[in-house]
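See below for the structure under consideration.
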Amino acid sequence: MSVISVQEVSKKYGAKTVLDKVSFDIEKGEIFGLLGSNGAGKSTITKIILGLEKQSSGKIKYFDGKPINLKRKISLVPQDTAFYRDFSVEKNMLFFASIYGLKGKMKKERTDFLLKWLNLNEFRKTKSSFLSGGYQRLLNIAISLLHDPEIIFLDEPTVGLDPKMRMLFWEKIKELQASQKTIILTTHYMDEAESLCTKIALLKNGKLLTMGKPRDLVREHGGIRVMVFKVTNGVSQPDLEQIRKALNQKTIIEKDDLLFIPFEQEHSLEKIIAVTQWLMDKGYNIVSSTTKEPSLEDVFLNITGEKMKKEE
Amino acid sequence: MKLIDIIWKEISVVKSQRIALLLIVLYPFLAIGLLGSSFSGISIAQMSNINIGLINELPFDSNIINEFAVGNNVNLTEFDDVNQLRSAIKTKDVIVGLKLSAPSENSQIRVDLFYDNSNLMASGIFLEYAKVTMQRMTIEQTKTKLSEIFNTMVSLGNNLEGEITQVNEFQRKLEEAEIDLDSLEAKLNQFDFEEIEDALDGQQNSIDSFETKNAEFLHELDAFENSFDEMKQELEQFNNEFSVYKEDLDFSSTQLETMITNLDAMIADTAIDPAIKAQLETQRAGLVTMKGKIDGIRNGLDQISNDQSELNTKLNEADALFIRLRAESQTISSTLSNSSATIQTMNDDLIVFKESIDEVKDLIAEARISKADIEEKLSASSALLSSFSGQIIEFSNLDPKVLAQPVVFYEQRVFNVDPFGILVSNATSIVLILTCLLLTSIIVILEKSENVSLRMRLSPTTKPMLLFGKIIGQLLIALVEATIIFGVAMFGFGINIIPFILELYLATILISLAFISLGLIIASFTKNQSTAILTSLLIVVPMLFLGGIILPLEFMEPTMQMISSFLPLTVANNILVGLIIKGMSLLELIKEIAILTFLILFILVIVMLKEE
């Protein structure tokens with residue numbers, strides 16, 4: 001079931017087009033990644049889907065067009081914390097529970113559940129501003145989940161977090177997905193998108209460049225695999241030329257005892273074995289061999305022609 | 001270097017806040033411009049449209065108040081009784097009320113000053129203003145009066161009657177002088193200059209006639225002398241010719257003598273025939289006869305010559321006579337010329353004399369005019385003296401106490417409340433505006449900056465619910481603030497608010513809502529706390545100055561007064577002053593309530609639209 005269907009949505013600010021006929025569908029239970037550099041249109045499409053802005057043209061359908069109260073079904077976890085810093089954790093939870101329409105026991109029950117689930121229970125009486133950055137982010141998520149939304153927008157949820165906390169976040173996001181929540185994730189971390197997202201949309205200058213499962217995108221747009229051999233004393237120039245001719249690869253390079261050999265992704269294993277055998281036969285001492293696989297980063301680079309910035 | 005970097009950072013941060021920067025630039029202009037235009041040349045003397053109520057119970061016509069009104073640009077409104085006056089002060093139709101009364105014209109004037117004691121500064125200023133102005137007016141009057149009398153007394157001395165007699169004597173002398181002038185004029189008029197001129201003209205004519213005749217005589221004398229000269233010349237010529245004849249005769253006689261002698265000799269000569277002698281005898285006889293005739297003619301000629309000499313002598317005598325006659329005639333002519341010149345001189349002198357007489361006449365006429373003028377002045381002076389005399393008599397009847405202190409003031413507070421009561425209303429207004437406006441705007445900005453407002457916008461709670469929840473929360477804080485002030489006023493200063501506590505709280509709610517609304521609209525158009533605070537102050541500070549709390553509205557220009565009367569703080573203060581001090585009901589303050597209600601609704605609509 002498509003929970004959000006974006007159809008030919010455009011947005012203009014005066015003469016400037018920030019979104020140009022963008023279309024995609026987000027299915028229930030998906031973790032949908034919105035990737036793109038600054039100014040790609042991620043924030044604009046997010047605001048339009050959240051109802052904070054109106055599109056200039058195009059249409060957005062929620063839950064296949066069924067009549068719903070969107071604000072009860074949707075939630076945003078902003079990149080920056082969005083709670084009263086002077087309130088305690090519990091007070092923030094209870095207040096926003098009320099704002100999100102929870103009543104009576106539900107407020108308390110939901111607060112207790114989320115605080116426990118996000119490891120915040122021990123801080124419930126702590127003033128929110130006294131929490132560490134990571135826990136403040138967890139509180140931010142906890143508040144956003146108070147009304148048990150079906151669609152959750154996560155805006156750069158792990159920026160600035162330490163690896164441990166980052167892993168915790170990924171774990172919780174996956175748990176949410178497991179409970180059939182639909183998650184729309186905007187992130188600059190390619191590994192995060194690759195690891196979490198079930199589908200990725202790549203935007204540039206307001207246009208949707210490509211969309212698909214991460215693995216498919218890597219396969220289609222990730223480019224070549226690179227085999228790196230470390231050889232004692234390096235490979236002689238004549239041998240290097242021979243390898244280039246044999247593999248018909250002019251881009252093979254040798255630097256500091258390291259030999260870089262690019263391979264097409266398909267049927268590359270036989271070629272790797274053959275090169276390894278040939279070097280051993282020639283009497284070279286292969287210290288190590290590693291393979292550098294293409295990633296989403298490469299996809300982004302290949303499609304947009306630019307590297308993704310790590311921080312906004 | 002580090003310090004410079006820090007300083008530059010500070011400036012850069014301020015520069016990056018556009019609205020803050022704008023406000024920083026605007027503040028001086030607003031502060032100076034707004035306050036300057038409102039209170040430029042702030043002084044009571046320059047105030048306009050000052051409404052003063054008046055109850056005039058003076059037993060005489062007094063122009064003091066009119067002078068007061070004209071000299072100080074005030075509008076006077078007369079009232080019949082004190083209650084009417086008090087009501088007018090309560091509704092601010094008049095600022096100060098004056099009740100004038102006095103037992104008699106020469107007694108002290110009692111001035112009851114009814115003043116609006118609901119505004120400490122305004123009431124104090126206007127009270128002092130009214131007192132000082134009235135005192136100044138009366139002191140000026142007293143001073144003028146005393147000065148006039150003093151000058152009169154100095155100038156006239158101790159005896160005014162003597163002065164009047166002297167004036168009368170002066171008048172009498174003037175009358176006599178006029179009679180003398182009349183006499184002089186009559187005498188001058190007796191001169192008949194035409195007759196004198198005619199006589200002189202007659203004399204001149206006679207002299208002219210004499211001169212003519214003398215000239216004719218001279219002319220005739222000249223003609224006669226010429227004829228005489230011609231005759232003398234002819235006689236001379238005759239004499240000359242006569243002498244020639246005489247000489248010829250003498251020659252002829254001599255010749256004849258000679259011839260006779262010669263004949264005698266011949267006759268005596270015997271040798272000559274006697275016949276020839278006889279003939280010679282005959283010829284000699286003929287010659288002797290001829291000679292006798294010639295000698296006779298010659299003797300006749302001598303006679304004639306003698307006569308001629310005599311005639312010549314006489315002619316010479318006639319010549320001498322002619323010379324004398326001519327000399328006499330010239331003497332006469334000269335004398336006549338002298339006479340004519342003398343008459344001309346007399347004529348000239350007569351003209352000068354006539355002109356002098358005319359001048360004297362003019363002088364007499366001027367003297368008469370001067371006399372009339374002097375008489376008029378003397379009459380005026382006499383009247384003035386009589387008036388001064390009367391004034392001095394009147395002055396002597398005045399009570400010295402009236403002159404020293406002509407007006408006695410009695411202050412009458414219109415509202416029965418002490419200064420602390422006034423402070424309660426003012427303090428409540430100021431505290432509410434600061435609390436509500438600043439708190440609301442700051443909290444809204446805080447929620448924006450901490451993304452809480454974004455979260456709320458995405459929540460199922462409606463915008464009106466969020467807005468009204470915020471307003472009511474702020475309202476409760478304001479009510480707590482107000483309750484503290486009311487508590488202090490009641491238990492600390494003994495101001496009894498119980499009789500109107502319900503109305504007071506209703507008014508506080510309304511005022512707080514208005515100020516909260518202002519805070520909301522400030523927050524709607526600002527992005528950070530510093531800008532919100534600056535903007536709040538930008539609104540609050542001018543309202544404090546223009547709201548009539550610190551400085552009286554009456555000090556402002558009329559246009560600014562009108563604008564100020566619609567400022568929320570002014571309206572709020574009016575409501576609280578009305579309730580706490582003036583004892584008015586909310587119904588009487590319906591205008592102020594309507595203004596605030598309209599303001600609240602207007603702002604809330606804008607805020608809702610802005611949120612959308």
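The values are calculated or read from the model by the stated rules, or taken from the named source; none is laboratory data. The shown structure was predicted, so the numbers you read here are calculated from the model rather than taken from an experiment. Here the Cβ is made from the backbone with ideal geometry for all residues, glycine too, and neighbour counts use every protein chain on show.
I'm checking my understanding of the structure. Among residues of region B:430-462 that are more than 22 Å from B:P568 (Cα to Cα) and among the β-branched types (V, I, T), which one is farthest from the chain's Cα centre (by Cα)? For region B:430-462, the residue satisfying everything is B:T461. Going by the conditions given, is B:L475 over 60 Å from the mean Cα position of the chain (by Cα) and within 14 Å of chain A (Cβ to nearest Cβ)? For B:L475, the condition - over 60 Å from the mean Cα position of the chain (by Cα) and within 14 Å of chain A (Cβ to nearest Cβ) - is not met.
Residues in region B:450-487 that are out of contact with any Lys or Arg (no Cβ under 8 Å at 6 or more places or on another chain), loosely packed, with under 15 Cβ neighbours inside 10 Å and touching a residue at least 40 places away in the same chain (Cβ under 8 Å): B:P464 alone. In region B:245-264, the qualifying residues are those that are surrounded by fewer than 13 Cβ atoms within 10 Å (Cβ to Cβ) and under 14 Å from B:V288 (Cα atoms), and the one that is farthest from the chain's Cα centre (by Cα) is B:T261.
If you go through region A:63-93 and keep only what is crowded, with 16+ Cβ neighbours inside 10 Å and more than 14 Å from every other protein chain (Cβ to nearest Cβ), you end up with A:F63, A:S88, A:V89, A:E90. For B:A327, the requirement of being modelled with pLDDT of 85 or more and within 30 Å of B:S206 (Cβ to Cβ) is met. Of all the numbered requirements in (1) more than 14 Å from every other protein chain (Cβ to nearest Cβ); (2) of a type outside the set (D, E); (3) under 19 Å from the mean Cα position of the chain (by Cα), A:K12 misses one, and that requirement is (3).
Counting only helices (runs of 4 or more DSSP H) that fall entirely inside region A:179-296 and contain at least 1 residues that are under 24 Å from the mean Cα position of the chain (by Cα), the qualifying elements are A:190-196, A:214-221. Any residue that is part of a helix (DSSP H, G or I) and within 30 Å of B:E185 (Cα to Cα) - is there at least one of those in region B:319-338? No, region B:319-338 has no match at all.
Here's the yes/no breakdown for (1) under 23 Å from B:M456 (Cα atoms); (2) away from every other protein chain (no Cβ under 14 Å); (3) in contact (Cβ under 8 Å) with a residue 24 or more places away in the chain:
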site	(1), (2), (3)
A:K125	yes, yes, yes
A:G133	yes, yes, yes
A:L139	yes, no, yes
A:P163	no, yes, no
A:F169	no, yes, yes
A:Q180	no, yes, yes
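Residues of region A:186-231 that are out of contact with any strand residue (DSSP E or B) (no Cβ under 6 Å at 6 or more places or on another chain) and among the hydroxyl-bearing types (S, T, Y): A:T187, A:Y189, A:S195. In the set A:K59, A:K107, only one residue is basic (K, R), outside any helix (DSSP H, G or I) and either touching a Lys or Arg at 6+ places or on another chain (Cβ under 6 Å) or more than 10 Å from chain B (Cβ to nearest Cβ) (or both); that residue is A:K59. Does B:E447 satisfy the criteria of being modelled with pLDDT of 85 or more, among the charged types (D, E, K, R), closer than 30 Å to A:K73 by Cβ and surrounded by 15 or more Cβ atoms within 10 Å (Cβ to Cβ)? So B:E447 passes the test. Within region B:246-263, the presence of a residue that is at pLDDT below 85, in contact with a Ser or Thr (Cβ under 8 Å, 6 or more places away or on another chain) and among the hydrophobic types (A, V, I, L, M, F, W, C) is excluded. Summed over region A:6-56, the residues that are free of Cβ contacts under 8 Å to residues at least 24 places away in the same chain and either charged (D, E, K, R) or assigned to a loop (DSSP other than H, G, I, E, B) (or both) give a count of 8.
Evaluate region B:427-440: report whether one residue or more is away from chain A (no Cβ under 14 Å), buried (at least 16 other Cβ atoms within 10 Å of the Cβ), among the hydroxyl-bearing types (S, T, Y) and more than 30 Å from B:K582 (Cα to Cα). Yes - at least one qualifying residue is present in region B:427-440. Only one entry in A:K54, A:K105 is loosely packed, with under 15 Cβ neighbours inside 10 Å and farther than 22 Å from B:L454 by Cα, namely A:K105.
Quick check: is even one residue across region A:120-136 surrounded by 23 or more Cβ atoms within 10 Å (Cβ to Cβ) and more than 30 Å from A:V218 (Cα to Cα)? Checked against the condition, which is being surrounded by 23 or more Cβ atoms within 10 Å (Cβ to Cβ) and more than 30 Å from A:V218 (Cα to Cα), region A:120-136 yields at least one hit. Would you confirm whether or not region B:411-427 contains a residue that is within 55 Å of the chain's Cα centre (by Cα), at pLDDT 80 or above and part of a helix (DSSP H, G or I)? Yes - at least one qualifying residue is present in region B:411-427. Once region B:561-581 is narrowed to residues that are surrounded by fewer than 23 Cβ atoms within 10 Å (Cβ to Cβ) and not hydrophobic (A, V, I, L, M, F, W, C), the residue that is nearest to the chain's Cα centre (by Cα) is B:Q561.
Selection of region A:35-56 for residues being within 12 Å of chain B (Cβ to nearest Cβ) and more than 24 Å from the chain's Cα centre (by Cα) yields only A:K54.
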